[in-house]
Amino acid sequence: MNREEARLELDATTLRPQDASPEARAMAESDLELGAWLKKRTVFDEQVAEAFAASIPAGLRESILQNARRPAKRPIRWVLPTLAAAAAAVAIGWTILWSVSNHMPAWQAESLAAVTKVESGMSKVDHMSRDFEAIKKMLVADQSPTPLRLPGTVGGMPVLACKCIKVAGRKASIICFEIEPGKEAHLVVVDNTGLPDPPPQLQPQFKNSKNWNMASWSDGSQTFLLATTADEAALKKLFGLV
């Protein structure tokens, strides 16, 4: 067994490692690069599995097992795993794409897709802190954009976490706030030098996309997108417009 054969086998068994052959498991333990890849892949698969576990309809398992017992005209051993994988891939993609409007500038669509992954738990934050100054220092250490100035009471919301991402091929940051109990607001900060279709300077533009309410604006060399699933009034209140 070579490394690629072991990787394919381990990739198919991240959530049930006992099903991988002893040879593949041994290779993952002795090959540092393969072992690091397997650890990262397993964490991702576990996150996706947890995200879907909360939305599985009652009785789905029993229904699948009942249908599987029925006589079939052809072998179905490969059908169910293939359909399950396809359904998972479609569901993950749909969760992200559902939030993105065709009328958004590309940078905004990328930003909202990244925010959606953080909100849904499909993407982990890099740092957690209730101290905004500490969050800023973490972003500086990661060489990611830090807001130089924020309008209204945007910067006064309780801060939760941050994440480094890329938007339009450049470094960007997501800062997660609590806009109201049980509701988060995610602020994307990106350098707007050469950024196509940036919003106006110091003039927030409000937009709705599916279940998201958003405000976007520019301030000097920085462009911002603030997205939340809280209602529009809560968002506009931050800018003193309600």
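The values are calculated or read from the model by the stated rules, or taken from the named source; none is laboratory data. Not measured: the values here are computed from a predicted model. Heads up, the Cβs are rebuilt from the backbone with ideal geometry, glycines too, and the neighbour counts pull from every protein chain shown.
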*asked:* Of everything in the stretch 106-127, what is at pLDDT below 90 and either of a type in the set (Ser, Thr, Tyr) or part of a strand (DSSP E or B) (or both)? Give them in sequence order.
replied: Ser120, Ser123
*Which numbered condition Arg130 fails, given (1) surrounded by fewer than 16 Cβ atoms within 10 Å (Cβ to Cβ); (2) not in a loop (DSSP other than H, G, I, E, B)*: (2)
*Is it the case that Asp197 is more than 23 Å from the chain's Cα centre (by Cα) and within 14 Å of Glu110 (Cβ to Cβ)?*
yes
_Cβ-Cβ under 6 Å, sequence separation 6+ or interchain: first residue in the stretch 196-210 and more than 15 Å from Leu112 (Cβ to Cβ), partner outside any strand (DSSP E or B). Which pairs?_
Pro198/Asn192; Pro204/Phe239
*Of all residues in the stretch 207-226, which are touching a Phe, Trp or Tyr at 6+ places or on another chain (Cβ under 9 Å) and more than 15 Å from Ser111 (Cβ to Cβ)?*
Asn211
*Verdict on Val118 being buried (at least 16 other Cβ atoms within 10 Å of the Cβ) and among the aliphatic types (A, V, I, L, M)*: yes
*When both residues are 6+ apart or on different chains and their Cβ atoms are under 7 Å apart, which pairs have a first residue that lies in the stretch 33-44 and is in the same structural domain as Leu10 (by TED's automatic domain parsing) and without any contact (Cβ under 8 Å) to a residue 60 or more places away in the chain, and a second that is among the polar types (S, T, N, Q) and surrounded by 13 or more Cβ atoms within 10 Å (Cβ to Cβ)?*
Arg41/Thr14; Thr42/Thr14
_Filter the stretch 205-242 down to the residues that are farther than 23 Å from His103 by Cα, in contact with an Asp or Glu (Cβ under 8 Å, 6 or more places away or on another chain) and aliphatic (A, V, I, L, M) and list them by number._
Ala234
_modelled with pLDDT of 60 or more and over 24 Å from the mean Cα position of the chain (by Cα): which single residue out of Glu50, Glu4 fits that description?_
Glu4
*Name the residues in the stretch 200-231 that are hydrophobic (A, V, I, L, M, F, W, C) and within 24 Å of the chain's Cα centre (by Cα), would you?*
Phe206, Trp212, Met214, Ala215, Trp217, Phe224, Leu225, Leu226, Ala227, Ala230
_Options Leu187, Leu148; residue that is more than 28 Å from Thr42 (Cα to Cα) and assigned to a loop (DSSP other than H, G, I, E, B)_ = Leu148
*Looking only at residues in the stretch 9-32 that are within 25 Å of the chain's Cα centre (by Cα) and part of a helix (DSSP H, G or I), which one is surrounded by the most Cβ atoms within 10 Å (Cβ to Cβ)?*
Leu10
